1. Filter the range 37-48 for residues that are surrounded by fewer than 17 Cβ atoms within 10 Å (Cβ to Cβ) and within 21 Å of the chain's Cα centre (by Cα) and give the result.
2. Quick one: which residue in 71, 160, 150 is open to solvent by less than 10 Å² (accessible area, probe 1.4 Å) and either modelled with pLDDT under 90 or more than 23 Å from residue 289 (Cβ to Cβ) (or both)?
3. Identify all residues within the range 208-249 that are out of contact with any Cys (no Cβ under 9 Å at 6 or more places or on another chain), in a loop (DSSP other than H, G, I, E, B) and open to solvent by 30 Å² or more (accessible area, probe 1.4 Å); write none if there are none.
4. Looking at the range 146-170, I want the residues that are in contact (Cβ under 8 Å) with a residue 12 or more places away in the chain and within 13 Å of residue 275 (Cβ to Cβ) and have a partner that is open to solvent by less than 70 Å² (accessible area, probe 1.4 Å) and not in a helix (DSSP H, G or I) with Cβ atoms under 8 Å, at least 6 apart or on another chain. Which pairs are those?
5. Considering only residues of the range 275-290 that are under 22 Å from residue 348 (Cα atoms) and out of contact with any Pro (no Cβ under 8 Å at 6 or more places or on another chain), which is most open to solvent (accessible area, probe 1.4 Å)?
6. Can you name every residue in the range 290-330 that is among the β-branched types (Val, Ile, Thr), free of Cβ contacts under 8 Å to residues at least 24 places away in the same chain and part of a helix (DSSP H, G or I)?
7. For the range 49-70, give me each residue that is over 17 Å from the mean Cα position of the chain (by Cα), part of a loop (DSSP other than H, G, I, E, B) and not β-branched (Val, Ile, Thr).
8. Looking at the range 251-266 only, could you name the residues that are modelled with pLDDT under 90 and either open to solvent by less than 80 Å² (accessible area, probe 1.4 Å) or in contact with a Ser or Thr (Cβ under 9 Å, 6 or more places away or on another chain) (or both)?
Amino acid sequence: MVPNIEDCFEPKRFLARDASKETSKDFINVGGYKFKSLMDKVEEMIFRQEFDRPDDTHDSDVILVQDIKNLVLFLAPTEMTSKNFVKFLNTESVHSLIKSLIIYFEHFLKILEFILIRREEMVGENAQMQNQDSTEIKRIFSAKLSQYRLLLAREYSRVLLGEGDTNKFYHMKPVVNISLSIKDQQFHECFLAFCTVLVWIAMQRRSVTVINWEIDRLFRSEHFALVQCKLGLSNVEASILYGNNYKRCNYRAQTSPLIQELKNVEDENLPILWIGERKYRGNDIRIAEIELEYIVPSSQLCLIDVSHGILGRPKKLYDAMLNIKWDAVGNENYNLDYDPYRIIRQTFLNIPQLDAEKSRTYCQTYETFYQLKHSNELWKSNMIEKWIRRNDVIKYYKTEGMLTDIWMKCRKELEDMSYGRRVEEIIKDFMERKGKIRKK
């Protein structure tokens, strides 16, 4: 039996500030921030009516990163609905960072489970001997995980340097070059807690402490991690997860593992830094696989048989809290032969060829002629204002506002004796929506 991962972690002493009745099953404590873990019927109606992604957006019938972001921000504490933080989340750079984080943890959790299973197989009466091929397979898995970590490091460095649309959130003032340490620290802690809950929900609410531990290690290093690991990883197991570039030194000179990945990039991995910006032209199959996994929209992952948690799955199979409804899944008649969204099939790791990484050194990269553009629908200005006033909106609807459920909507339509909108208005709205959704 594989040990329960959650039992192998314990938070540090200074993290458990309050162990009273306030910390209950209704909340989940991440980094000192309390996120709601439940919604009542009224809050669910408010979320669906005011904060959920509308039907006129792209791929409104499937789960996207924006849907998970909406849910986490609705469940987040009040300090996360500040004006700067909401606008910071509404940038293309942060959206790409969150997407890369989900892709990384999709593979990280698989490899961690593989390590724990191999550990159990090498002990006991029926212990299996480890040969040279199994060691080489572990090394290849470690190299592949480092490649996803490199892609994540690229996105994080853009946010850290304040490039592009995150320039106005850069922590250093342009003239005096002085940072507001306390304010920036709170902003950073808030963002890491937000990402932890978002990735946890995207990974079908599995191993929240493991995700919290790895995010702390990636963005803080082990010196400042808020969660301690008690898995008892050996040096070999740790090297598989952390990669060859991870170096631990004195905390005064320590840099985060993500920045360490950028300091020592192998020649065959250099095209990874251009994934999503330029169309790759070369004969390296591994680079083509990473590019395909990154540039394909979340709504179309089923076409390439790739799973990124719950991204790309139909919304009708999930409730407002993005918990799967197994009765709805049963009505779809999924089986092992027909499972486009990888709901029935178990997650697995493909056994690589032993010479996969060595053959990459002989691959060639050619000059590219195409640049890629992202097409993500972010919050509009009115939606940003609504998120900033989230508590006031919830309070209004709970006290005096009118919530419209399906019964009330049908009743109003039956009682309405008017002729409705004019034909010209209906055609105009239809043409605008068609021009938005269809390709020109």
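The values are calculated or read from the model by the stated rules, or taken from the named source; none is laboratory data. Treat the numbers as computed from the prediction; the structure is a model and nothing was measured. Note: ideal-geometry Cβ built from the backbone for every residue, glycine included; neighbour counts use all protein chains shown. Just the protein is used for accessible areas: all its heavy atoms, side chains included, with ligands, DNA and RNA removed. Shrake-Rupley method; radii C 1.70, N 1.55, O 1.52, S 1.80 Å.
1. 37, 38 - these are the residues of the range 37-48 that are surrounded by fewer than 17 Cβ atoms within 10 Å (Cβ to Cβ) and within 21 Å of the chain's Cα centre (by Cα).
2. Values: 160 fails: open to solvent by less than 10 Å² (accessible area, probe 1.4 Å); 150 fails: either modelled with pLDDT under 90 or more than 23 Å from residue 289 (Cβ to Cβ) (or both).
Answer to the selection: 71.
3. 233, 234, 244, 245, 246, 247, 248, 249
4. Cβ pairs passing all conditions: 150/265; 151/275.
5. At the first step, the residues of the range 275-290 found to be under 22 Å from residue 348 (Cα atoms) are 285-290.
Remaining after also requiring out of contact with any Pro (no Cβ under 8 Å at 6 or more places or on another chain): 285-286, 288-290.
Values: 285: 120, 286: 22, 288: 43, 289: 90, 290: 3 Å².
So the residue we want is 285.
6. Of the range 290-330, the ones among the β-branched types (Val, Ile, Thr) are 290, 295-296, 304, 306, 310, 324, 329.
Retained after the next criterion (residues that are free of Cβ contacts under 8 Å to residues at least 24 places away in the same chain): 296, 304, 306, 329.
Across the range 290-330, the qualifying residue is only 329.
7. Here is the first cut: in the range 49-70, the residues over 17 Å from the mean Cα position of the chain (by Cα) are 49-61.
Filter once more, keeping what is part of a loop (DSSP other than H, G, I, E, B): 52-61.
The answer is 52, 53, 54, 55, 56, 58, 59, 60, 61.
8. 251, 253, 254, 255, 256
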